[in-house]
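Contents: one structure, followed by commentary.
Quick note: the coordinates plus some simple rules give every number you see, no bench work behind them. All of these numbers come straight from a predicted model, not from anything done at the bench. Cβ atoms come from the backbone with ideal geometry, glycine included; neighbour counts cover every protein chain shown.
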Amino acid sequence: MQDTPVPIATTRFQGVPNTLRILLSFAVVCLTVMLGPAKPASACSCVSFDAAIGMDDAALVFTGQVVDEQSAVGLFGEEQTALLFDVDQVFKGDVLPQVVVNAPTDVGAGCGIGVRGPMAVLAYSDGQSLSSSSCSSASLDATTLDLLVSQYGPGEAAPTLESPGLLDESGIPGLWVAGALAFVAALVAGIFVAVRGQTSEQ
């Protein structure tokens, strides 16, 4: 009676430490999350603009309006829109004539910014880029302006650009995905090198 052949995959990974198996599984999950389609939230749920102002945790608070926009991709593959604002007044943060703020693409359930025209924006920083949403932005009117002044004091007028710039696709923070993929690829390569070294010692 002939012995039943053992599958190559089973033989190759016998004795591989559980830590390596966990790391490999983690890498596969990371790739799946980044490359898979993003699922929109069922509803936009957040604090009101008034409450967001009261929290005072925005890196940049300004008034202005959108002059250009481009599609962008978030760190985990979610669709975003990069919005270029011409800045009128700055109430908190660096005083710049223009600023790029990332927002969800879905204006409805995704809490994207659907307002065009003069608006107030609370932008939050992750250390690399600024982001906002419909929860932290509002059309600019007398009530909204009063809220800003009462919280931050009089704003500072932004300098005027003689030739306002537009968004360049190469400058949109979708490059985060490329960096994340490179990290996962390096992680997977390291895991397989460790696996080969482990199996060769046996």
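Within the range 133-160, which residues are surrounded by fewer than 21 Cβ atoms within 10 Å (Cβ to Cβ) and part of a helix (DSSP H, G or I)? Those that are surrounded by fewer than 21 Cβ atoms within 10 Å (Cβ to Cβ) and part of a helix (DSSP H, G or I): S134, C135, A142, T143, T144, L145, D146, L147, V149, S150, Q151, Y152. If the condition is being closer than 30 Å to S150 by Cβ, among the aliphatic types (A, V, I, L, M) and surrounded by fewer than 20 Cβ atoms within 10 Å (Cβ to Cβ), then the range 59-83 contributes A59, V66, V67. Annotation note: Cβ proximity below 9 Å between a residue of the range 107-131 that is of a type in the set (D, E, K, R) and a residue that is surrounded by fewer than 21 Cβ atoms within 10 Å (Cβ to Cβ) (sequence gap 6+ or interchain) occurs for R116/Q65; R116/V66; D126/L75.
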